[in-house]
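The values are calculated or read from the model by the stated rules, or taken from the named source; none is laboratory data. Here the structure is a predicted model, which means the values were calculated and not measured. All Cβ positions, even for glycine, are placed from backbone atoms using ideal geometry, and neighbour counts span all protein chains on display.
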């Protein structure tokens with residue numbers, strides 16, 4: 001296969017990766033909507049995933065502009081905006097919807113974002129160093145779906161793994177790996193191969209626990225007894241009631257005999 005043809009295929013995968021990246025950046029909307037509805041607490045939302053996604057987006061925007069690769073710029077600009085919205089929602093509920101405290105944290109985040117981009121784009125002039133930093137942040141973002149892995153293992157609550165995000169990130173990582181191979185960009189290749197490995201681990205754990213502990217609810221409660229188990233227990237209770245009634249009847253009959261004597 002010629003280099004030009006492989007690059008053409010890589011561009012196709014790059015645009016697919018762009019689409020899947022945007023869908024992935026929208027995925028946290030589900031847990032954050034549950035937070036707004038007060039169905040879960042702030043400890044249950046994937047906040048580290050969103051934070052690492054935000055930092056990752058800023059770094060790749062700078063990297064893409066400097067290298068003239070605008071596919072990463074498009075998806076990561078959308079991702080930065082969406083991640084910032086989720087971070088603002090998180091700050092609001094972290095501060096119990098206190099407006100002053102929330103605005104204060106938002107100003108800090110915006111100021112940090114501007115400085116972060118300024119450092120990446122204007123200060124780090126070495127494109128190789130910028131690529132290494134972007135690669136590391138990308139790996140952290142992929143690890144974000146496993147941020148609650150300790151709770152998953154101890155409670156068997158597979159719902160703590162955001163399976164939609166993990167699946168989208170896996171497909172996204174495959175697309176960007178092919179894109180990186182076509183352009184021989186090691187930063188993109190290494191970052192996304194690491195993503196494939198991490199997301200496969202998360203998906204395998206989710207599938208295993210879902211099969212072994214299907215009764216675990218989304219809140220991580222104790223396994224709920226199935227209808228058949230409940231049905232089996234009822235006859236036992238009825239049998240116990242019958243035995244108690246027979247025992248009482250026996251005592252009553254003995255008492256009547258004694259009185260007649």
inquiry  = For the structure I just gave you, tell me whether residue 183 is assigned by TED's automatic domain parsing to the domain that holds residue 131, surrounded by 10 or more Cβ atoms within 10 Å (Cβ to Cβ) and either under 30 Å from residue 30 (Cα atoms) or at pLDDT below 70 (or both).
reply    = no
Per the filter on region 46-91, residues part of a helix (DSSP H, G or I), more than 20 Å from residue 115 (Cα to Cα) and either free of Cβ contacts under 8 Å to residues at least 12 places away in the same chain or not assigned by TED's automatic domain parsing to the domain that holds residue 202 (or both) are 70
For region 47-76 the number of residues that are in contact with a helix residue (DSSP H, G or I) (Cβ under 6 Å, 6 or more places away or on another chain) and under 20 Å from residue 144 (Cβ atoms) is 18
Reported set for region 55-84 where residues are exposed (fewer than 14 other Cβ atoms within 10 Å of the Cβ) and over 21 Å from residue 179 (Cβ atoms) is 81
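Taking the stated definitions as given, is residue 195 assigned by TED's automatic domain parsing to the domain that holds residue 148, at pLDDT 85 or above and either over 22 Å from the mean Cα position of the chain (by Cα) or within 20 Å of residue 150 (Cβ to Cβ) (or both)?
Considered against the rule, which asks whether it is assigned by TED's automatic domain parsing to the domain that holds residue 148, at pLDDT 85 or above and either over 22 Å from the mean Cα position of the chain (by Cα) or within 20 Å of residue 150 (Cβ to Cβ) (or both), residue 195 comes out as no.
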ask   = Going by the structure shown, is residue 131 closer than 29 Å to residue 214 by Cα and touching a residue at least 60 places away in the same chain (Cβ under 8 Å)?
value = no
Of (1) at pLDDT 90 or above; (2) surrounded by 14 or more Cβ atoms within 10 Å (Cβ to Cβ), residue 200 satisfies every one except (2)
Note on region 1-39: residues surrounded by fewer than 18 Cβ atoms within 10 Å (Cβ to Cβ), assigned to a loop (DSSP other than H, G, I, E, B) and modelled with pLDDT of 85 or more are 37, 38, 39
Discussion item. Just to be sure before I move on: is residue 168 within 30 Å of residue 212 (Cα to Cα), at pLDDT below 85, in contact with a helix residue (DSSP H, G or I) (Cβ under 9 Å, 6 or more places away or on another chain) and buried (at least 20 other Cβ atoms within 10 Å of the Cβ) in the structure I sent?
Written reply: no
